[in-house]
1. What single numbered condition from (1) closer than 16 Å to residue 136 by Cα; (2) not in a strand (DSSP E or B) fails to hold for residue 83?
2. Only one residue in 117, 173, 113, 164 is crowded, with 21+ Cβ neighbours inside 10 Å, within 29 Å of residue 188 (Cα to Cα) and within 20 Å of the chain's Cα centre (by Cα). Which one?
3. Between a residue in the stretch 200-214 that is exposed (fewer than 14 other Cβ atoms within 10 Å of the Cβ) and any residue that is among the basic types (Lys, Arg), which pairs come within a Cβ distance under 9 Å, given they are 6 or more apart or on different chains?
4. I'd like the residue in the stretch 87-118 that is at pLDDT 95 or above and polar (S, T, N, Q) and, out of all such residues, is nearest to residue 198 (Cα to Cα).
5. Please work out which residue is farthest from the chain's Cα centre (by Cα), limiting yourself to the stretch 93-107 and to residues that are under 20 Å from residue 155 (Cβ atoms) and open to solvent by 10 Å² or more (accessible area, probe 1.4 Å).
6. I'm trying to understand the selection: among the residues of the stretch 216-242, which are of a type outside the set (Ser, Thr, Tyr), in contact with a Lys or Arg (Cβ under 8 Å, 6 or more places away or on another chain) and over 21 Å from residue 105 (Cα atoms)?
7. Filter the stretch 122-150 for residues that are open to solvent by less than 40 Å² (accessible area, probe 1.4 Å), in contact (Cβ under 8 Å) with a residue 12 or more places away in the chain and of a type outside the set (A, V, I, L, M) and give the result.
8. Those residues that are under 15 Å from residue 70 (Cα atoms) and among the basic types (Lys, Arg), I need them from the stretch 201-239; list them, please.
Amino acid sequence: MTKNHRKAWIALLLALLVMFAFTACGAEKQPVGQSAENEVSASDETGSQSLEADMNLIMDQIAEKEMTKSYADVLPDVTLADAELFGIDLEGKNVSAYVWLDQEEYVALKDKAYNMAGSAGEAIIHFTLADNGPELQNVEWSEDGSGHDQWLQDHFPAEYLEKAQAFNPYNEADPDVPHSRLIQKAAEVLGVPVETENLLQIDLENGTYEIIKTIESGSPGTDDYKFETETLEAGNLSDLAS
């Protein structure tokens, strides 16, 4: 996560814990807004560091629970998650975080890392506040297709929905969106840069791989549009270990 993203999580959760002190005996669900950052004491540096670690744990738990390392037997493989936060609701020790969630799997082959799988969309992350840190309960994904907009209307409070609708997660040139942060994190974890143009295909059954270049020409939706592929490299996975 970037510094600004982490600050948003930290400020929100510090405010959340303050609210929890007043609602531990049982209270109505209460929203925690971005303005809470101004209410947090700057002297609580130790608490901020702890909460930053807690949110990293939630992302780690999501990556572990929601994804599978499909290629870990043949290549260095990592699953990662990151989120853009729109708001948090608290009910006792139960927390609901309204987010754009991105989770991706990367593998390293030779001197590059490749994105092999992933899922992204609006979601509600449900977790609990525990003495040993936050504990993930489940991720409630938004619906796909024609039911998507209605699902958001039904599940996101109006304030959070407005932020979700204004957010553009597909701006890959922006280093502060989840996908861009995950590319940076994958490169750090795997120790090689992430390839963002060519694709890697792995055939586990036959133990082979291909690095593929995609070539588009013409205009999508017209008769002159063409989508072609070119194999740049192919080989056996067993050869990589030698």
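The values are calculated or read from the model by the stated rules, or taken from the named source; none is laboratory data. Quick caveat, the model's predicted, so the values are computed rather than measured. Here Cβ is always computed from backbone atoms with ideal geometry, including for glycine, and neighbour counts include all displayed protein chains. Accessible surface areas use protein heavy atoms only, side chains included; no ligands, DNA or RNA. Shrake-Rupley method; radii C 1.70, N 1.55, O 1.52, S 1.80 Å.
1. (2)
2. Of 117, 173, 113, 164, the one residue that is crowded, with 21+ Cβ neighbours inside 10 Å, within 29 Å of residue 188 (Cα to Cα) and within 20 Å of the chain's Cα centre (by Cα) is 113.
3. From residues that are exposed (fewer than 14 other Cβ atoms within 10 Å of the Cβ), there are no pairs.
4. 115
5. The extreme case among them is 94.
6. Our first condition is that a residue be of a type outside the set (Ser, Thr, Tyr); within the stretch 216-242, this holds for 216, 218, 220-221, 223-224, 226-228, 230, 232-237, 239-241.
Retained after the next criterion (residues that are in contact with a Lys or Arg (Cβ under 8 Å, 6 or more places away or on another chain)): 216, 218, 230, 232, 240.
Selection gives 216, 218, 230, 232.
7. Listed by number, the residues that qualify are 122, 127, 128, 133, 134, 142.
8. Scanning the stretch 201-239 gives no hits.
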